[in-house]
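Shown next, in structure tokens, is the structure this report addresses.
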Amino acid sequence: MATDVQQEHAPTTNDGELPVLGIDRRRAGLGTVGLAGFIGVWWLAALFQPAYVLPSPAVVAEAAVAEFASGEVLIALGQSIQHWIPGTIIGTTLGVAAGVALGWSSLLDDISSPVVRTLRPVPPLALIGFAIAWFGINHAGAAFIIAIGAFWINFYASYGGVEGVSDDLLDVARSLGVDSDLALIKTVVIPAASPEIMTGIRTGIGRCWMLVVAAEIFGVPGIGRRILRASNNLQVDVVITYILVLSVMFLLVDTAYRAVQRRVLVWR
Amino acid sequence: MAMSDGGGSSVQVSGVSKQYASEQGTVQALADVNFQVDSGELVCIVGPSGCGKTTLFRILAGLEPATRGEVTLNGSVVTEPTPNMGIVFQEYHLFPWRTVRGNIAFGLEKAVGLDGTDRDQRVQQLVDLVGLAGFEDSYPKSLSGGMKQRVALARALAIDPALLLMDEPFGAVDAQTRERLQAELLDIWQETGKTILFVTHDVEEAVTLADRVVVMGRDPGQIREIVSVDLDRPRSRGDAAFGSYSEKIRSLIEN
């Protein structure tokens with residue numbers, strides 16, 4: 001019995017992602033080479049440019065040390081996180097909820113489609129006026145801008161995921177006693193759409209880090225504000241320092257998220 | 001086995017017709033289909049592709065409405081999928097995010113409301129019944145076609161339905177696996193006493209399994225004849241009697 005068993009094997013990392021534990025040495029090695037090459041080219045280019053156009057890596061390192069030593073980096077990071085986290089969480093939650101609801105219910109979809117299509121092309125930054133009027137120049141205002149960005153990415157990812165859920169799975173669930181819409185959404189639609197939903201969340205997290213900079217344009221303190229101020233003073237080395245801080249933060253959050261995602265989607 | 005044997009039931013298909021509107025005008029997919037399945041009986045519906053047997057399956061399962069006529073299960077009209085009917089599709093349609101155990105337990109949680117150790121025991125019985133011991137924690141992606149279909153069968157049986165409705169369930173597996181699954185299905189049928197309605201295009205499969213074979217033809221999809229197969233089980237394809245049943249059914253289809 002059951003001899004037609006496929007060879008069971010550990011899930012392979014077929015899309016070139018790192019295994020959960022242990023790092024692929026070859027990839028790590030090549031990555032290091034690429035990084036060193038990038039810094040080398042940067043250094044070379046910086047030799048022929050004044051520091052207010054392109055500072056050398058060494059100059060940036062000095063600026064970074066100074067910014068960290070003065071505590072400026074941690075302060076700015078702490079400020080940005082105070083609107084990044086609520087903005088991302090609120091925008092993601094509402095976006096997923098709206099995407100699932102409209103992807104599931106053609107009635108809701110028909111009702112809201114004109115509104116959705118009108119609002120969709122509005123860039124989050126165009127809403128800065130509203131952010132100031134409704135929330136003020138504070139973390140809540142910046143969180144609002146960030147949430148708008150997260151909302152649309154998650155809305156469309158979830159909407160698409162739900163639309164793609166096979167009718168056959170829903171039929172099977174109905175024949176197994178799931179009869180209400182809410183129960184179907186909970187037991188079939190969300191699990192079936194979870195790969196798309198989780199990819200949307202990941203894209204949204206990245207987009208929100210970018211929006212942190214933009215959302216601080218109107219005066220909310222944080223990394224973005226610091227970058228703008230340094231730009232105005234032609235302190236390019238400081239600008240690059242904070243850009244790197246943003247990159248590292250994104251990398252950390254994204255790596256942690258991917259580990260969670262792999263665990264949740266182990267069935268794929 | 002702790003299967004309740006109230007699983008027997010009777011299905012009545014009365015005057016079922018189905019028309020589709022298409023670009024070439026109205027298509028008559030099914031024309032006045034009438035038959036009944038008695039409690040505990042194993043009936044196969046066999047016919048060529050395009051004879052409307054999948055449409056008939058979907059109407060039987062309550063997945064789509066008939067244009068005219070109705071299907072009743074134990075006297076009540078079928079209008080939507082119901083836990084009184086266990087459905088098994090050719091393409092398995094397992095829940096990929098659930099393990100073998102989770103798939104089989106699905107209906108127990110939703111339809112029967114069983115949980116805790118009662119549920120676990122029942123799942124284990126079903127795992128053993130379909131021969132998947134050792135694979136309880138595997139996800140569908142790592143199972144072969146034959147194993148997936150065993151899971152689908154166990155999942156449908158879990159809710160102890162009055163009728164097991166199967167649409168070409170062994171159509172997607174290789175020939176050896178198909179024969180083994182057929183033998184297993186007969187064992188399970190005998191063990192549980194379920195009423196089974198089994199759609200297939202494979203004449204030999206129908207003769208191997210069925211008490212009676214509903215033979216369908218196309219243009220329009222309708223019943224040509226209902227053939228009782230009076231052969232002892234297990235049936236051997238090499239038998240002369242088996243061959244003459246097959247031939248008879250084949251000639252009914254081709255006419």
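The values are calculated or read from the model by the stated rules, or taken from the named source; none is laboratory data. Note that this is a predicted model, so its numbers are computed, not measured. Because the Cβ atoms are built from the backbone with ideal geometry, glycine has one as well, and the counts that use them run over all protein chains shown. Side chains are part of the model used for accessible areas, which takes the heavy atoms of the whole protein and leaves out ligands, DNA and RNA. Shrake-Rupley method; radii C 1.70, N 1.55, O 1.52, S 1.80 Å.
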Inspect segment B:89-106 for any residue being at pLDDT 90 or above, within 9 Å of another protein chain (Cβ to nearest Cβ) and part of a helix (DSSP H, G or I) and give the result as yes or no. yes
Restricting the search to segment A:231-247, which residues are open to solvent by 50 Å² or more (accessible area, probe 1.4 Å) and under 13 Å from A:Ala76 (Cβ atoms)? A:Ile243, A:Leu244
Can you find even one residue in segment B:85-106 that is in contact (Cβ under 8 Å) with a residue 60 or more places away in the chain, over 23 Å from B:Gly193 (Cα atoms) and surrounded by fewer than 22 Cβ atoms within 10 Å (Cβ to Cβ)? yes
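Sort out which residues of segment B:170-203 are within 13 Å of another protein chain (Cβ to nearest Cβ), touching a helix residue (DSSP H, G or I) at 6+ places or on another chain (Cβ under 7 Å) and over 25 Å from B:Asp118 (Cβ atoms), and write them in order of number.
Looking only at segment B:170-203, we keep the residues that are within 13 Å of another protein chain (Cβ to nearest Cβ), and these are B:170, B:172-181, B:183-184, B:187-188.
Among the residues that remain, those that are also touching a helix residue (DSSP H, G or I) at 6+ places or on another chain (Cβ under 7 Å) are: B:170, B:172-173, B:177, B:181, B:188.
Of everything in segment B:170-203, those that are within 13 Å of another protein chain (Cβ to nearest Cβ), touching a helix residue (DSSP H, G or I) at 6+ places or on another chain (Cβ under 7 Å) and over 25 Å from B:Asp118 (Cβ atoms) turn out to be B:Phe170, B:Ala172, B:Val173, B:Thr177, B:Leu181.
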Members of segment A:152-199 found to be in a loop (DSSP other than H, G, I, E, B) and within 10 Å of chain B (Cβ to nearest Cβ), listed by number: A:Ser166, A:Leu176, A:Gly177, A:Val178, A:Asp179
Filtering segment B:25-64 down to residues that are open to solvent by 40 Å² or more (accessible area, probe 1.4 Å) and among the polar types (S, T, N, Q), which residue is farthest from B:Arg218 (Cα to Cα)? B:Ser39
If I filter segment A:130-182 down to residues being of a type in the set (S, T, N, Q) and over 12 Å from A:Ala215 (Cα atoms), which single residue comes out as farthest from the chain's Cα centre (by Cα)? A:Ser175
Just one of A:Leu176, A:Leu228, A:Leu169, A:Leu182 is aliphatic (A, V, I, L, M), surrounded by 24 or more Cβ atoms within 10 Å (Cβ to Cβ) and without any contact (Cβ under 8 Å) to a residue 24 or more places away in the chain; which is it? A:Leu176
I'd like the full set of residues that are open to solvent by 70 Å² or more (accessible area, probe 1.4 Å), in contact with a strand residue (DSSP E or B) (Cβ under 8 Å, 6 or more places away or on another chain) and under 28 Å from B:Asp219 (Cβ atoms), limited to segment B:65-83. B:Arg68, B:Glu70
Just to verify a result, which residue in segment B:110-143, among those that are on the phi > 0 side of the Ramachandran plot and at the interface with another protein chain (Cβ under 10 Å from one of its Cβ atoms), is surrounded by the most Cβ atoms within 10 Å (Cβ to Cβ)? B:Gly131
When A:Pro221 is evaluated against the numbered criteria (1) in a helix (DSSP H, G or I); (2) out of contact with any Lys or Arg (no Cβ under 8 Å at 6 or more places or on another chain); (3) open to solvent by 20 Å² or more (accessible area, probe 1.4 Å), which criterion, by number, is the only one it fails? (1)
Of the numbered conditions (1) of a type in the set (Ser, Thr, Tyr); (2) within 30 Å of A:Gly164 (Cα to Cα); (3) more than 11 Å from the chain's Cα centre (by Cα), A:Thr241 fails exactly one; give the number of that condition. (2)
With respect to A:Ala2, determine if the residue is at pLDDT below 90, touching a Gly at 6+ places or on another chain (Cβ under 8 Å) and open to solvent by less than 80 Å² (accessible area, probe 1.4 Å). yes
